[in-house]
Amino acid sequence: MKKIVFATNNPHKLSEVRALLGGQFEIVSLKALGFEGDIPETGNTLAENASQKSHFIYEKYGLDCFADDTGLEVDALNGAPGVYSARYAGENATYDENVTKLLRELDGEQNRAARFKTVVSLILDGKEYLFEGKVEGRILQARSGTAGFGYDPVFQPEGYSETFAQMGPELKNKISHRGRAMARLAKFLQQAT
Ligand code: IMP
């Protein structure tokens, strides 16, 4: 089975992506490579960050790899937290602190429209390819559900009555921003390798 490195330190993302691509590719974690540090992420866009992460690992190990960067865009907040989703409530904020800040910022707001966007950067044989995925939805007034991570407990995708944190990994993976971007990556890899 072809091996490909997923340049992430996030165990939630790793298990989502293994569920999506694991049948076709051996997804190698950074831990398996012995890498334990932080990957720099200083770009101003999702694409810049995804690209920075994949290049960082490619330059270090010379292996085919991919990285993703994800942001939550909320219309009533002019697209915030966007590329700053991980650090919305401060530099080392927890998922819970970020969600609390989001609910506070939207307190009393009628327009709850939001979307998750993911950009994946793949480096294959030294060449870079980008893939995108997004899912529209809305931010609820309060948390519901315990599965998933990040903003999942308050994000209800369009056409569903549950949050990502209520629906569990199988359905989330099928319709999510990351699931859609990874499906494009998988299709490309199948044709290219
Ligand atoms: P990252 O920079 O791609 O790791 O993601 C930025 C932040 O977006 C994370 O810290 C999470 O809070 C949030 N995030 C990313 N993916 C998801 C998801 O699938 N569900 C909910 N929140 C997510």
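The values are calculated or read from the model by the stated rules, or taken from the named source; none is laboratory data. This one's a predicted model, so the numbers in the text were calculated from it and none came from an experiment. Every residue, glycine as well, gets a Cβ built from its backbone with ideal geometry; the counts of neighbours run over all protein chains shown. Accessible surface is based on the protein model in full, side chains and every heavy atom, while ligands, DNA and RNA are left aside. Shrake-Rupley method; radii C 1.70, N 1.55, O 1.52, S 1.80 Å.
Assorted remarks:
- Qualifying residue in region 68-75 (condition: free of Cβ contacts under 8 Å to residues at least 40 places away in the same chain, open to solvent by 30 Å² or more (accessible area, probe 1.4 Å) and not in a loop (DSSP other than H, G, I, E, B)): yes
- Only strands (runs of 3 or more DSSP E) whose full extent lies in region 87-189 are considered here, and the ones with at least 3 residues that are within 21 Å of Leu77 (Cβ to Cβ) and in contact (Cβ under 8 Å) with a residue 40 or more places away in the chain are 113-124, 127-139.
- Residues satisfying the stated conditions in region 164-193, i.e. in contact with a Lys or Arg (Cβ under 8 Å, 6 or more places away or on another chain) and within 12 Å of the ligand (Cβ to nearest atom): Phe164, Ala165, His177, Arg178, Gly179, Arg180
- Tally, over region 22-61, of residues that are polar (S, T, N, Q), in a helix (DSSP H, G or I) and open to solvent by less than 20 Å² (accessible area, probe 1.4 Å): 2
- When we screen Leu140, Leu130, Leu171 for residues that are touching a Ser or Thr at 6+ places or on another chain (Cβ under 6 Å) and of a type in the set (A, V, I, L, M, F, W, C), the only hit is Leu130.
- Exclusive hit being within 15 Å of Lys117 (Cβ to Cβ) and within 12 Å of the ligand (Cβ to nearest atom), set Ala7, Ala89, Ala93, Ala50: Ala50
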